[in-house]
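Here's the structure we're looking at; comments come further down.
What follows is calculated from the coordinates using simple rules that are stated; it is not laboratory data. Bear in mind that the values here come from a model prediction, so they are computed numbers and not experimental data. Here the Cβ is made from the backbone with ideal geometry for all residues, glycine too, and neighbour counts use every protein chain on show.
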Amino acid sequence: MMATPAVAGQKHLKAKVCLVGDVAVGKTSLIKRFVQDEFDDRYIATVGTKVTKKTVDVRWRGAPASLDMMVWDIMGEKGFRALLRDAYFEGSHGVIAVCDMTRKDTFYDLNNWVQMIRKQVGNVPIVFLGNKMDLTERLVVSQEELARMSSIHTAPHYFSSAKTGSGVNEAFKSLAEAIGRRGEA
């Protein structure tokens, strides 16, 4: 994370944040909701990576600071993980690991994503996010299951709906605060 002087002595920080998860768990929709407060229910697969920026207020070394979250969206295709992971995770300060609460396989695969992250960038802050909570009739992953997984990895977890916006800002803010607490600049 880089720190630069900001207005009135407040630090202005930049951090690389990666979203990970299988195909169609809602990573792009979550980013669009967080950055633009918009939702589009048409599915367009992400090809390669896309970077979006949003500035949030955090505490850094005990003082108020602003953090530019450079949010990286990666395609979820399994075949491309090995290809992209070096460049994608390099220099990452935090990760949001996303599963689709209506697809159990995406939940199970979170462990693989976490292992890959730890191998590439070490012990960066991770937030687990169970998405698509608005699809109440189709939920197959229980809130307890995601809570257990996050506990195993000593990481917070949130439940969200990119469609309604519920839980989205809270998850990103939690990660931003964890990055700020680390105070690595």
Mind checking which of N111, I126, G91 is farthest towards the positive end of segment 84-139's charge dipole, using Cβ charges of +1 (Lys, Arg) and -1 (Asp, Glu) about the Cα centre?
N111
Could you tell me which of M70, G180, V23 has its Cα farthest along the dipole of segment 2-182 towards the positive end, charges placed at Cβ (Lys, Arg +1; Asp, Glu -1), taken about the Cα centre?
G180
Binned Cα-Cα distances of segment 2-182, short to long, each 10 Å bin given as a whole percent:
10, 40, 37, 12, 2, 0
Using Cα pairs under 8 angstrom and six or more residues apart, how large is the relative contact order of segment 98-185, in percent?
30
Per residue of segment 31-39, in order, report the coupling 6.51 cos²θ - 1.76 cosθ + 1.60 (Karplus, θ = phi - 60°) as ³J(HN,Hα) in whole Hz, putting x for Gly and Pro.
5, 4, 5, 5, 7, 10, 6, 10, 9
In whole percent, what relative contact order does segment 2-182 give with Cα contacts below 8 Å and a gap of six or more residues?
26
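Output the pairs from K32/K119; K27/K54; K11/K50; K16/K53 with a Cα-Cα distance over 21 Å in this structure; if there are none, say none. Mind dumping the intermediate values first?
Working: K32/K119 28 Å; K27/K54 15 Å; K11/K50 26 Å; K16/K53 9 Å.
Too far apart for the 21 Å limit: K32/K119; K11/K50.
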